[in-house]
Each structure stands twice: as structure tokens, then as C-alpha cells.
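Everything below concerns the one structure shown next.
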Amino acid sequence: MRIALVINTASGSVGAGAAPEAIRARLAAAGIEALGEADRGASLPARIAAAVAEPGIDAVVVAGGDGTVACAAAALVGHATPLGILPLGTMNLLAKDLGLPLDLDGAIANLVAGVRRPIDVGDVNGRSFVINSVLGMPARVARHREAHRERRAFRTLLRWAIGMLRHLGRYPRLTVTGLIDGTARRLRVRLMAVVVGDYVERPGQVLLRAPIDAGRLTLYVLADLSVWRSLRLALGFALGDWRRLPEVERLPVSDLTIGSRRQALQVMNDGEVLLIPTPLRYRIRRHALTVIVPRTDEAGPRFEGGIGGT
């Protein structure tokens, strides 16, 4: 079986055991033919676009972190070709949402035995996101995440939180107008996030989502993020009991528009900071992306016509 493979060697967990040569050797041992890249020195989006354009492939497989996966997902939205994930990042958020093995051998085995599953994709002014779209302090959040990306996931989250706290007093609140399912509201926020699906609360599992294929978005609004409230929120994350905190407003939405006096707003889609013209029109694209996930008792037919066959 043939795949188009893109390996992001800059991802947080890439080491000797996950070097490109080692990954290709393990794929070959599993009976998977991984096509070579014509230009490994090109930008990541260009490499992924070239992979998507490969004829006669059974899947596009990316090895990397959340940014790599998000880039590939955006390129594959609306395509029949499924996305396979070899999670090599620090957080691996989508991989955890999908229940994928986080070790390389397990992830490769999933490519062989997995099944196709369509999932939802969020869209804001034509820009796709598979996890969330964040406004308020995106550039600072992203910068601190990248600065500590080689740390373990819990340590990364802690350093991210500390970095965000340093900016609370200096960063002004964002004032916007939200048209939420036809109802207009003026919002002054420190942070707001539009999530594909919704977060679930489980101790020790931070920002896990379910379901991610039900055709819905959830809006989270945090109007105030003082140091005390931020620490209480962090404790809620650790205990799996944070959505009911008074500083967290949670709204299921089907139709959302964010207006502003500014001509454009900084938006962080799946960790990538973008400057997007206003108003921001959010929508859900149901089942717009196909991914390869582990087979369960409730799963459908095995990955028909793809890796592993039937």
C-alpha cells in the first residue's frame, strides 16, 4: 500500500528513534510503501500540498506535532484521501482526541489496521481549524508554547500558563460584538475560544474533546483572567472540574459572528497566529476531514482499499 509521507523533523519529540530514516524503515517493515518527497527543503505547507497532489495514494501521513497535523488537515478538508497521523509533538491534542496510540510503533500499526472516520472541521472566513480558534492573547500564548515545546506535556502547560500570567496586567481586554445564534452581545474578554465539538472534563487529561463529529461548535468566554482566577482555572484543569467555574462561560453555538471596530483581529487557529479581517464568521463543516483511527467494536469496515486492505 502506498502513502505520501511528510515528516516534520522540527517537532518536539523527534529523536534518534523517530529520525526520517528510522520512520521509513518501520513503515516498510509494516508493509507500507512511503513515497519519497521531491523537495524536503520546501516549506511545510508546500510539502504537504505536494503530498496531497500525489496520484494513486491510499493516504497522506504526517509525522509531527499539532501544527503539522493542523497544516495537513487544512490541506485535506473536502478531499476523499484520509489523513494518517504519527504523533511526534509535545501535546498531540488531535491524536489524543481520536484515541490514537502516541508511540511510533503503535501509530504505524494503526495505519495498517485502522478504519476511516469522518470528523468535523471549523471554519472562520475560509480558514480551517480542527481543534480551536482563540482570540485575546494568541500571539503571546503561541510564543510561550513554542519557547518550551521540547519539554514534556505537563511542564509545557505549566510554563505556558506562567507565561500567560506575566501578560495579564499589560494586555488590554478585547472588545468585540458577538452575534450568537441571532442574539447580539457586547463582549469584553481576556480570552475567547471557538471549539470544534466540546471539551470534556477528566482528571489529568487537559483540553480533551468529545464528540468531534456531531456538527457543533462551543464558545468559551473568559472575561477576566486575574492571577487568582487563572490559578483556580489551572487547578480545575488538573482536577477535571473547570467548566463550572464562575469565570468560564460556555455556550453551544451553531451560528457565530464576531465583529470589531478593528479591520482585522489576531486569531490563533490550532496554534497558528493569523491576522483575519473582521467580521469573523464561524461555521462548522461537518465530516469534512477523514482520518485513520483505531478500530473498535463499534467501528465500521476496516480501512477499505487503503493501508492493510481488508
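Throughout, read-outs are computed from the coordinates displayed, never taken from laboratory work. Since the model is a prediction, treat every value here as computed from it, not as a measurement. Reconstructed Cβ throughout: ideal geometry from the backbone, glycine too, with neighbour counts over all protein chains shown.
Some points to look at:
- Electrostatic tally near ALA46: other residues with Cβ closer than 14 Å to its Cβ, Lys and Arg +1, Asp and Glu -1, net -1.
- Between ARG281 and ARG232, the distance separating the two model label sites (each 7 Å from Cα on the Cα→Cβ line) works out to 3.9 nm.
- Net length gained if the chain between THR175 and ALA109 were fully extended (0.36 nm per residue, minus Cα distance): 19.0 nm
- Classification of segment 2-114 by its C-alpha gyration tensor yields a rounded form. The axis ratio a/c (a ≥ b ≥ c) stays under 1.5.
- Cα gyration tensor category, rounded, prolate or oblate, for segment 170-261 with a/c compared to 1.5: oblate
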